[in-house]
Amino acid sequence: MLLLTGDIGGTKTILRLVEVGDDQKTFETIVENKYSSGDFPDLVPMVQKFLSASPQVNSITSACFAIAGPVVNNASSLTNLDWQLDSNRLEAELNIPQVSLINDFAANSYGVLGLESSEIYTLQAGKKRDHSPIAVIGAGTGLGQSFLIPQGDQYQVFASEGGHADFAPRNDLEIKLLQYLQSKINSEHISVERVVSGQGIVSIYQFLRDSNFSSESLVIGQKIRTWEQKTATKIDPAAVIAGGAIEQNDAICTKAMSLFMELYGAETGNLALKILPYGGIYIAGGIAAKNLPLIKKEEFINNFNQKGRMIKLLQDIPIHVVLSPEVGVKGSMLYALRN
């Protein structure tokens, strides 16, 4: 059977056409491609372009797409992309008998179950317990969170919108960051996604720059201001800032990424306290894997474990960074086969 899978993010989308063996345990990728999500007005023309290169398009039996946003009754309005998706419409317009939509972090949850040891980096070994919950968190365009609960010999996956919970500052600097964002977007509610995400990296940088934390370097400052003025849409400001921190040649970038990792670790610890995932907590999303030298520093782990009387509890939880960029696609495939 042929299965079409996709991981649809606010920034990029990965599509893959897979041939599934009769035992539904062996898979062969027929064709795969990546697209900039913002280049298309909807998923349909993107999929049509993808399938135009495959002569086997008429034999696809089902499709499953992981969506960066809540999925209700097989329909979704993407959080960071102006797309309205519905499985019935997709089935009709793509001429595919069965189309399923799944939250992207639910897909990541299914995907982590099939990861190889080479596809993860362990930040904290902890003390893994069998038949225990697993948690998944990941900063990318937004902040995704999900968890898995053991049910017999399998896991039941639960998506969440935990990234839209309140940002809870813990010290004077973080309080000033909160107030800066409240003033900037004219809203009392600042979600944790506003600071723990790609947009969060940029917001933290802008806060430090506008607060005169340090003088702005000429090269990086020019790139950020060019992006702010929308005169260079190809600039990825979060990547520029992370690069400045990794190369350690810019004071604002270094501080911005240090604060970002502190907040990322703290929010991961918050999720861990709520789920107690002794089966492991997996850090997915593009930012962690791309910035492994930064997340390996003490800021993330220290702030993950810094929960007062609960510190010893959290030190026993295994923490893994997902290195594979295709965990969502794998999860979509496994979900489609289950359904």
Any idea what the dipole of the chain comes to, in debye rounded to 20, about its Cα centre with Lys/Arg Cβ at +1 and Asp/Glu Cβ at -1?
740
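Using the 10 angstrom Cβ neighbour count as an exposure proxy, how do M1, M257, M46 rank, fewest first? Before the final figure, lay out the partial values.
Working: M1 14, M257 28, M46 21.
Arranged by neighbour count, lowest to highest, M1, M257, M46 become M1, M46, M257.
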For Q156 and K230, FRET efficiency with R0 = 30 Å and r from the beta-carbon atoms, rounded to 0.05?
0.10
Per the helix-only model, the chain has a calculated mean residue ellipticity at 222 nm (DSSP H runs of ≥4, -39500 (n - 2.57) each, divided over all residues, rounded to the nearest 500) of -11500 deg cm²/dmol
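I'd like the projected area of the stretch 194-335, averaged over all directions, using the convex hull of its alpha carbons. Report it in nm² with one decimal. Walk me through the intermediate numbers first.
Numbers: hull surface 40.4 nm².
For the stretch 194-335, the mean projected area of the Cα convex hull comes to 10.1 nm².
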Would you please give the FRET efficiency between N302 and S117, computed as 1/(1 + (r/R0)^6) with r the Cβ-Cβ distance and R0 = 25 Å, to the nearest 0.05?
0.45
Give me a comma-separated list of calculated 3J(HN,Hα) values for the stretch 133-142, in order, Karplus coefficients 6.51, -1.76, 1.60 applied at θ = phi - 60°, integers in Hz, x for any Gly or Pro.
x, 10, 10, 10, 9, x, 8, x, 4, x
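Can you tell me how much longer the chain between L292 and A168 gets when fully stretched, taken as 0.36 nm per residue apart minus their C-alpha distance, in nm with one decimal?
Details: separation 124, 0.36 × 124 = 44.64 nm, distance 2.51 nm.
Full extension from L292 to A168 adds 42.1 nm.
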Give the cross-link partners of K49 among the aspartates and glutamates, using a straight C-alpha distance below 20 Å as the criterion and excluding same-chain residues fewer than 8 apart.
D7, E19, E32, D39, D82, D86, E91, E93
Neighbour-count ranking [beta-carbon atoms within 10 angstrom, fewest first] of K176, K312, K12, K234
K234, K312, K176, K12
Amide H contacts under 5 Å for D42, restricted to residues at least 5 apart in sequence or on another chain and with H modeled in the peptide plane, are none
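Antiparallel DSSP bridges in the stretch 1-144: what percent, to the nearest 5? Present the calculation step by step, with values, prior to reporting the outcome.
Details: 23 of 36 bridges.
Roughly 65 percent of the beta bridges in the stretch 1-144 run antiparallel, per DSSP.
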From the C-alpha gyration tensor of the chain, pull out the three semi-axes of the equivalent ellipsoid (sqrt of 5λ each), sorted largest to smallest, in whole Å.
34, 25, 17
Which ordering of S160, S214, S332, S183 is given by a fewest-first count of other beta-carbon atoms within 10 Å?
S183, S214, S160, S332
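Kindly work out what percent of the DSSP beta bridges joining two residues of the chain are antiparallel, to the nearest 5.
Details: 39 of 59 bridges.
Bridges in the chain that DSSP calls antiparallel: roughly 65 percent.
Run the numbers for R338 and S217: contour at 0.36 nm per residue of separation, minus the present Cα-Cα distance, in nm. Please report the intermediate quantities before stating the final value.
Values: separation 121, 0.36 × 121 = 43.56 nm, distance 5.20 nm.
Here the answer is 38.4 nm.
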Once phi is turned into θ = phi - 60°, what whole-Hz ³J(HN,Hα) does the Karplus curve with 6.51, -1.76 and 1.60 give for every residue of the stretch 265-273, x standing for Gly and Pro?
x, 4, 5, 5, x, 4, 4, 4, 5
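Is the stretch 42-83 rounded, prolate or oblate when judged by the Cα gyration tensor, a ≥ b ≥ c being the square roots of its eigenvalues, rounded requiring a/c under 1.5 and prolate requiring a/b larger than b/c? Walk me through the numbers on the way to the answer.
Values: a/c = 3.70, a/b = 1.82, b/c = 2.03.
Oblate, because a/c is 1.5 or more while a/b does not exceed b/c.
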Out-of-range pairs (alpha-carbon distance over 23 Å; input K127/K312; K223/K290; K255/K297; K184/K274)
K184/K274
Estimate the FRET efficiency between I30 and Q98 by the formula 1/(1 + (r/R0)^6), using the beta-carbon distance for r and 25 Å for R0, to the nearest 0.05.
0.85
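Read-outs: derived from the displayed coordinates by stated rules, not from any lab. Quick caveat: nothing in here was measured; it's all calculated off a predicted structure. Virtual Cβ from ideal backbone geometry, glycine too; neighbours counted across all protein chains shown.
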